[in-house]
Structure formats: structure tokens, C-alpha cells
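The values are calculated or read from the model by the stated rules, or taken from the named source; none is laboratory data. Bear in mind the structure is a predicted one, so any value in this text is a computation, not a measurement. Neighbour counts run over all protein chains shown; Cβ positions are idealised from the backbone, glycine included. Only protein heavy atoms, including side chains, enter the accessible area calculation; ligands, DNA and RNA are left aside. Shrake-Rupley method; radii C 1.70, N 1.55, O 1.52, S 1.80 Å.
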Amino acid sequence: METNNRPILEMQHIHKRFPGVHALNDVSITVYPGEVLALVGENGAGKSTLMKVLAGAVQPDEGTILIDGQPVAITNPRRAQELGIGIIYQELSLVNALSIGENIFLGDLPRHPRLPGKVDWPELWRRTSKVLEHVRLRIPPQTLVRDLSVAQKQMVEIARALARNVRVLILDEPTSALTLQETETLFNIIHDLRERGVAIIYISHRMEEVFTITQRVTVLRDGQLIGTLPTSEATEDRLISMMVGRDLSRLFSRAAEATGPVCLEVRGLRRAGVLNDISFHVRAGEIVGIAGLVGSGRTELVRSIFGADPIDGGEILLNGEKVTIRSPRDAVRLGIGLVPEDRKQQALFLRLAIRENISLPVLTRLGTPAFPSRAKERSLVADYIKSLRIRTPSMEQRVEALSGGNQQKVVIARWLATNPKVLILDEPTRGIDVGAKAEVHALIARLAEQGVAIIMVSSELPEILGMSHRVLVMRQGRIVANIPREEATEERIMAAATGQTEIAA
Amino acid sequence: MSVEDSGRQLATDATPVAEAGIAPSGSAISPRPMLAWATRVKELNILVALLILCAFLSLRSDVFLTQGNLFGVARAFSLTAIVAIGQTMVIITGGIDLSVGSVLALSGITTGLLLGEGWPLGPAMIAGILVGSATGLFNGLLITQVGLPPFIATLGTLSIGRGLVYVLTKGYPVTIPPEHQFLLKMGQGYVGSIPIPVIIMLIVTILGTLFLSQSTIGRYIYAVGGNEEAARLAGINVSLVKLLVYTLNSTLAALAGMILVARLVSAQPSAGLGFELPVIAAAIIGGTSLLGGEGTVLGAVLGAAIMGVLENGMVLLGVNTYAQQAVTGVVILLAVSLDMWQKRRRRRV
């Protein structure tokens, strides 16, 4: 390791206060060229604020920032760019209607040598192709960003940072939307960047990744620096206890064995090009995990069962009776709930209160159907805020003000209020912090024990293995394996997901 | 009325929390009623602005505060307010309805022509209002079934409606036969000293507020505008909600059409020309967000009131007629800028 080098970036004793919050309290970090520093902590620990300070989006109240040992003032995002700091946010910031090349060189497009004001297109495509090689993206530079996958867009963002001679690159949860192969590619690119001497600050909730690609880990909690240690000396348990400030004895809460009757049965479900002859069942009180690579049809399957996407054929039986589900409304009436993959886009009303978010599907059951009783609504919502430990000063709080974990609990509370027979959860803990994760897991396990049939889609194998009674593995729109809890291992699931072996369902 | 209505926020009843939940214990919820009340009563700003405007005008003009003038102003803005209530609901769902002026004229002309044919008053008025509702349903179908953007769908209806009006009347006003006293009272009559259009406006305001803030469908309207996909996945029939809202809005426009016919004793083919602009402005001044998901009935009425009082004040103060329109534009921009500035501040804290 080149840790004997001079640091490329030092942030010293950074303080930032927002009204009512000491968001950063004497935080110091150091980054060396050619290393990957992991920045971990629960949501609200101060990671984002610290990175915003570095990106020039937020001004610190106190503290010094040194680049190559020289104090600098990062007064705005443009200045950050000039200093060689690049940041790639979770929400990508590309212009969809423009080509890859235009996106990468936006603001700095090569000019035609003779015609003033005209872009030198051949030169732009040439330069773009060159940069794209560094991120191993082999697509024409003229391609519109709209037509790229999420992973490709991310590579374009990284390419853009490279084109601006980035020296410190911040990656904020870069793998949250990537498939395993794409993640692999990203790690290779990160490796290349290290060899070129770029320093990388890597923010992630996924422990495996921290251990795979980082050299040192810095832990933040409640705006304070808890410590920095070499990754080789860290263990998952140690990092988690540093992050949450307590020991989480068990990450996963397992539900007791399920012996209930078959609750939901799917027979021969088909959707052209997406789902191919899907059959399975879930017992009351059983947690069935659905694993598979991104794009294998997991989300499409659960959306079809819920009536959110149309199907071309197949039957769904609920408690042994054939049912017709043409819309989510039908599913909700039958007692099926879906906690979707993307809670902000598909589940939450960010500008409405917690109360309004939770009670929505059960309004017609609170007193008279047309005019729900406010008192009943309040007591219902208060129950769920309490039992799910949603942390909020009031049920009138807008949902946009909550952390990811609390937002997810609001979505789950909404479905619990409907007393579902079947609850489908698609990536239930994506983007929420470790503490909240454990709570959501415990909640799912308790629901199963109360007899709810649960289908849980997850890309996190430890979650699938830790929670499920049975694991279904999907590949290319089919269920390719049906593995009971005792026999499920990461290797076996991955083998089925990638098609190395097929185990009869 | 505003205070009472929003007073429900104060009634944070202390319903005992049952232990029936999944996990026992947990963080206590401490509602801060006063704070919640103050931040949630969005109409408060507009009310304060209206009162300041009134105070200023009463200092500058002896006529302004007279009962006659105030009721006159109220009667003048009552039509805008009634239609702005419907428009607000449309905008909350994330849509817009440009066709209200044409609907207002079309339903007025329908009633006028039927009366001329010798129809009795009741059926003629009902037919006029139904023409309005049908137009709204048509808008809703274009938007939900054909998938047209609301702006385009209602722009088309605006043009079709106005065209039909000119075809039906050949451009001439339709005079109302004088025997229909009841109709004329609707536009010109008083209960005590309150003009009847103002009373109609108050009734629509109360019913609209109850509907939007207390009913299940009212909540669905906010949900659809707040996040349409999430509303669908929560089991709400989004298309039905939209159909309802556009139909309701056009029905209110038709009601305004009736009142206008009654006031003028004739149905004018040019009635309500450009009416969509003050109506949308009233909704926006009243705190409705064009992005959807936000807005109240009371806000819309207060928005219409501000514009009405402003117009009256400029007449009283002798402001140049041409300048009046420009001042109205400035007020719209100021009101919305102030609103956005406050929202941004609230979000940052």
C-alpha cells in the first residue's frame, strides 16, 4: 500500500451545524492517493453532509480542508471540480436527451477550429471514445443517455469525472442498482483508478463490498468520527457495533418453522418475454425468499401477482380458490400487499403526512366509507407508529422528512393496517441503515409468525439466507431452483442464478 | 370559518394507544398541536395578505368599507371563486382544465336556447348543467382513456365548446324571457343584504371543503396528485378519481354559467372568454401547487377574493384600466414567489 505517501486530501476538525442539529462534530478524515477509503455509518450519521462539504455544496462552520497539504476553500461545486474532486451521487445527474459524448464534455465541448460557435463533433466523439475505454464501456459515443442501463449511466458519470482529471472520486452507494456482473465491472474500474493514483471515497451499506475493495474504513455516528481502521483489521461485527453504538447480537430474526396451509398458489404464470411458466406456493406463516440476478424477472413476477403488470396467462389461487387480479385494487381487496422496490417512486406520498400515508388503503374501513373518522384514523396510525417504532415527532410530519428506514416502516405499516393474508416485499431493506434493517427483519419474522404468507425479493444473499424458510431462485423469467432453508447456501443460490447448475423446482 | 375548519388540527385527541400492535413499547409520540396548526394552515398567509390589502384600501378610500361595496366585490369574484374551487381539485391531481370558460358559455347558451324553445325553467337549467358535466366527463375520458395530457385535452375542449356556442347562436346573445323570475333572482337577488351569488359561493365553499378535506375521495385526490403510481399501487382507482374531478369542475363552471346568465338576463356567446386565467390564478394565489398534491378550497376562494378586492381597489383609486391588468400580473407573481420562498425555508429547517 502507498500509505506512506503524502495524503492527497485531509479534512480536519470539520463542524457543521444546522438548526437543531450538530450534523458534523469535529470530523477529520485523510485520504491517500491510490487508496479506497470506505465511509460507513447509519443514515443520518453525517456521511452525506461531509461529502457535500467536500463537493462544495455545503460550507463548513469550522475546520480546514487540505489538498496536497495546501489549505483550500471549496466555496462552490465548480471550485470542487477545479480541485479535482468528483462526486457520483445515488441519483445520477446526466441529461437523458443528450449523447454520451455531450454529457461527458458538457460545458467544455471541443470547438470547431474555424467556425465559431460550432461544436467539433469528430473531435468530441474521438475524445469520448478514449475516455470510455477507461471505464470499459464499448458503446458508440453518439448513443443517447436515455438508452443506457443504470450501470452504463454510472460508468458514463465516472467517465465524466475522469475527463475532468479527477483526483478524489466520491462514490455514494454506487452498487445499489447494479447487477452482480455490473458490480464486478465497477470494482475492476475502481482497481484501474487506484493504479492511476486516484483516491476513492466509497460510501456503502453493504459490508461485503467494504471488505472486498477498500483499504481503510472510517466510521461516523451521529455526526461524530468514531474511528478509522485498516479494513484488514476490521470485522463485520466490529464495524456494525461502531456504527450503531451497541452490539446487534443477531442480524437476522428467524421466524419459527411454517406449517400452515397453502395460502397463495401461482400456476403457470406467463408474460411474453418476461415470465415463463412460473408455478410456486406460499404457506401461511412462511417466508419465501426470491433470489436471482437483477433482470431475472423477480420484480416483474411479484408485480404481476399484485396486478400492477398485466399477465398473458396462468392462475392465481388464494386459500385454494381461483382469483382474478387485474389491478392492484383487486389485489388489495383480496388481502395482498406489496412493498415495492422503489419506495419514493412507487409507494410514498412524500409531501403528505405520515398519517395520510399509512391510512390510505383502509380509509373506507374507518367509520363511514365516504367520510372516515378522524379519531379512528389517528388511533390506528398511532398504534403503528408505536409498534413499528417509527421515529417522528408527530404523525402529521411529512414523510419526506423521515430517514429511509422510517419511510420503509411507513410503507410496511400501510399494508399491515389492511390485515394482509399475503405480504410481498421487494428489496425491503434497500438503502436503509443497519439498525433499521434489523428492525425490519424482526418485523417480517413476527408477521410470518402471526400467519401472514410472505414473499421477499432480495438481492442481498445474507438477507435471503437469514430470513427465508425456502428460497426460490429465478433466472431469465423462470424459477430454476427451490431450495429449503437447511440446504440453502450462497454458492448454491449463485450457481442457480447464474445458470451453472439447475436444480429441479 | 377558516379558523374553525383548520381547528381540527388542534383536536389532537389523546386516543389511548392500544397495545395490540406487533411490538410492545416504543418511542412516545408527542404531537405539538400549535406548531402543527401554524405550519399546516397554509391559508393563513393568504388571509393576512387579504386583510392587509383591505386595511390599505379602507385608509385610501371612503367607499371601500361600505357594505354595498364589499358585497358588490364579493358578488363580482363569486364566479371566479366557484370555478376556482373545482379547478383547485383538478390541479391537485396534477392536471389543469383550460376549458372552464367555454363550458360556462356553452351551458348558459344551452339553458337560454331551451328557455327560448319554451322549456320550463327547471329542466332547462338542469340540461344546461348536465351539458357542463358531460363536457367534464369528456375531458376526463380524453385524459384517462386516450391518455392525452390535460393541457392538450382541455385546450381542445376549450376550442370545441366555444365553436359550438357560436354555431348555436350565430354570434348573437340569447335573451331570457322575463317570466323566469327565479333564475333572475339567482343572479341579482339578495337574502337580507347578501347577494345570492355570494351565498351560492359560500355553500360551494363549505361543501367543497368538507369533500376535499374530510372525505375518502378527497384524500384520494391528494394521493393521485402526490404520486400517481403510488396511489395506483395502494389500490386506488386513479382513472375514476380523475374522471370525477374533471366532471365536478365542469359542473361548477356550468353553475357559474347559470349565475352569469341570470345576472345579465341573457346568455352571451362571449361569456367566460379567457375565464380560465383568473380561475387558475386564484387557485395558484391560494397556495395550490401546479405540481399537484397541494392546495385547499379555502385557499382558492381567498385567492379569488384577493384578485376581486384588488380590482375593486384599483377602480376606487382611479388606476388606469390598462394598468390594472399589469398590476394583477405582478400580484400573481409576487404571491407565488412568496409561497415558494416560504416552502423552501420550511424545508430547510
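Over 27 Å apart at the Cα level, from the set A:K376/A:K421; A:K47/A:K344; A:K344/A:K386; A:K322/A:K437; B:K170/B:K242, are A:K322/A:K437; B:K170/B:K242.
Accessible surface calculations at 1.4 Å, restricted to protein heavy atoms, place chain B at 45 Å² per residue. Per residue of chain A, the DSSP helices (runs of n ≥ 4 H) give a summed -39500 (n - 2.57) that works out to -9500 deg cm²/dmol at 222 nm.
Contact with the other protein chains removes 20 Å² or more of accessible area, compared with the isolated chain and a 1.4 Å probe, from these residues of the stretch A:321-360: A:P328, A:R329, A:Q345, A:Q346, A:F349, A:R351, A:L352, A:E356, A:L360. Placing pseudo-labels 7 Å out from each Cα toward the beta carbon at B:L137 and B:I52 gives an inter-label distance of 4.6 nm. Can you list the residues of the stretch B:91-124 with backbone N under 16 Å from a point 7 Å past the Cα of B:L148, pointing along Cα to Cβ? The answer is B:95-103, whose backbone nitrogens lie closer than 16 Å to the label point.
Between A:D277 and A:H22, what is the FRET efficiency for a Förster distance of 41 Å, r being their Cβ-Cβ separation, to the nearest 0.05?
Values: r = 57 Å, r/R0 = 1.39.
After rounding, the FRET efficiency stands at 0.10.
Take the accessible area of chain A alone and of chain B alone, subtract that of the pair, and you get about 4200 Å² summed over both chains, using a 1.4 Å probe. Taking 0.36 nm per residue of separation and subtracting the Cα-Cα distance, full extension of the segment from A:Q12 to A:E315 would add 102.9 nm. Here is the list for the stretch A:256-329: GluC sites (Glu not before Pro) lying in DSSP coil, each with at most 13 other C-beta atoms within 10 angstrom of its C-beta, are A:E257. Taking amide hydrogens as placed 1.01 Å from N in the peptide plane, the amide H of A:V217 sits under 5 Å from those of A:A38, A:L229, A:T231, each at least 5 positions away in sequence or on another chain.
Placing unit charges on the Cβ atoms only, positive for Lys and Arg and negative for Asp and Glu, gives the stretch B:75-343 a dipole magnitude near 160 debye about its Cα centre.
With the simple spin-label model, which puts each label point 7 Å out from Cα in the Cβ direction, the A:E123 to A:S403 separation comes to 5.0 nm.
With a simple spin-label model that places each label point 7 Å from the Cα along the Cα-to-Cβ direction, the separation between A:R136 and B:W119 comes to 7.4 nm.
So in the protein assembly as shown, what percent of DSSP beta bridges are antiparallel if you round to the nearest 5? Walk me through the numbers before you get to the answer.
Numbers: 49 of 85 bridges.
Restricted to the protein assembly as shown, the bridges split so that about 60 percent are antiparallel.
With a 1.4 Å probe and every protein chain kept in, tell me what percent of the accessible surface of the stretch A:120-164 is carbon plus sulfur. Display every interim value, and only then the final one.
On the way: 1160 of 2280 Å².
Result for the stretch A:120-164: 51 percent of the exposed heavy-atom area is carbon or sulfur.
Averaging Cα coordinates gives a centre for the stretch A:147-208 and one for the stretch A:359-429; these two points are 37 Å apart. Each Lys and Arg contributes +1 and each Asp and Glu -1, all at the Cβ; summed about the Cα centre of the stretch A:9-244, the dipole is approximately 940 debye.
Take the alpha carbon atoms of the stretch A:25-61, find their center, do the same for the stretch B:166-188, and report the distance between the two centers in whole angstrom. Taking the Cα centre of the stretch B:166-188 as reference, the centre of the stretch A:25-61 is 72 Å away. What residue among A:Q181, A:A23, A:P230 has its Cα farthest toward the positive end of the dipole of the stretch A:9-244, where the charges are +1 on Lys, Arg and -1 on Asp, Glu, each on the Cβ? Final value for the positive-end residue is A:Q181. Over every Cα atom in the stretch A:341-419, the radius of gyration and the widest Cα-Cα span, Dmax, amount to 11.7, 34 Å. The share of Cα pairs per 10 Å bin across the stretch B:149-252, counted from zero up to the longest distance, runs 11, 26, 29, 23, 10, 1 percent. Length available on full extension from A:N96 to A:V150: 0.36 nm per residue minus the Cα-Cα distance, which gives 18.3 nm.
Taking only protein heavy atoms into account and a 1.4 Å probe, give the accessible area per residue of the stretch A:177-247 in Å².
On the way: 3120 Å² over 71 residues.
Here the residues of the stretch A:177-247 average 44 Å² of exposed surface.
The sum of -39500 (n - 2.57) across all DSSP H runs of n ≥ 4, divided by the residue count of chain B, sets its helix-only mean residue ellipticity at 222 nm to -23500 deg cm²/dmol.
Only the Cβ atoms of Lys and Arg (+1) and of Asp and Glu (-1) were treated as charged; on that basis the dipole of the protein assembly as shown about its Cα centre amounts to roughly 1300 debye.
Just going by the charge dipole of the stretch A:132-265, with Lys and Arg at +1 and Asp and Glu at -1 on Cβ, which of A:V244, A:V168, A:V145 is farthest out on the positive end? Farthest along the dipole direction, towards plus: A:V168.
Can you give the % of DSSP beta bridges in the stretch A:9-244 that are antiparallel, to the nearest 5?
Numbers: 23 of 41 bridges.
The antiparallel fraction comes to roughly 55 percent.
Other residues whose C-beta falls under 15 angstrom from the C-beta of A:F105 contribute a net charge of +2, scoring Lys and Arg +1 and Asp and Glu -1.
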